[in-house]
1. State whether one or more residues within region 86-98 are closer than 25 Å to Lys153 by Cβ and exposed (fewer than 12 other Cβ atoms within 10 Å of the Cβ).
2. Please go through region 111-127 and pick out each residue that is open to solvent by less than 80 Å² (accessible area, probe 1.4 Å) and touching a residue at least 24 places away in the same chain (Cβ under 8 Å).
3. What are the pairs, 6+ residues apart or on separate chains, where a residue within region 169-184 that is of a type in the set (Gly, Ala, Ser) has its Cβ under 9 Å from a residue that is at pLDDT 95 or above and part of a loop (DSSP other than H, G, I, E, B)?
4. Could you pull out the residue among Pro104, Pro77 that is in a loop (DSSP other than H, G, I, E, B) and either over 20 Å from the mean Cα position of the chain (by Cα) or surrounded by fewer than 19 Cβ atoms within 10 Å (Cβ to Cβ) (or both)?
Amino acid sequence: MKFKGKKKWAVITISLGLLVIMGIFTIKFEELSKKDDIKTISNAGIVFGDIKAPVKIIEYTDFNCPDCKKINENIEPILLEYIANKKVVLIFKPVNENMYLNIPKINTEDYKEIGKIFNEKEKYINPKSEKYLKSYLGEKLYNKRKNDSKEIKKEIDYLKINTIPTMYVDNEKMVGIYKKDEFKKIVEGVLKWG
């Protein structure tokens, strides 16, 4: 009888061990798949810098979000330098469609304009009519932003983003507020090892 009990426990132990190992490989596979998929995320949004830069930063944000404003204040000086030196491209993805449609045309050569919009967000909160926005932005930019908003919503669902600000620095997911030196360390690491 003791032999049967030991055999039963051995089978249970081996089975549990295999389940754990399978779970680990499944989790790692999903993480790798998700990382690989980050590279295929669209360029929908406002693109700052050379799209061929070695580091791609994707930022999901909202002009009404105080944490989004804070992280942009923290990292602006570094981003300006990296963008100017063609080391980084930033794809800025506003998640609030009304505000994205209401903000003015942005000079994609000047990331500082994002800070101005954060500071003047009250101007852009109330939705405007489609007719007004098409005359304000021009039909081409209006349609681009409408399409961008649809694409951004799909990405948020696909990536299961539930907190903003959320950034991807190449494959590194960053959620919340980062200080200037923390952000710089991450970007430098990607530039060095990326």
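The values are calculated or read from the model by the stated rules, or taken from the named source; none is laboratory data. On a predicted model such as this, the values are computed, not experimentally measured, just so you know. Cβ atoms come from the backbone with ideal geometry, glycine included; neighbour counts cover every protein chain shown. For accessibility, only protein heavy atoms count, side chains too; no ligands or nucleic acids. Shrake-Rupley method; radii C 1.70, N 1.55, O 1.52, S 1.80 Å.
1. no
2. Scanning region 111-127 gives Tyr111, Ile114, Gly115, Ile117, Phe118, Lys121, Tyr124, Ile125.
3. Correct list of pairs: Gly176/Pro165.
4. Pro104
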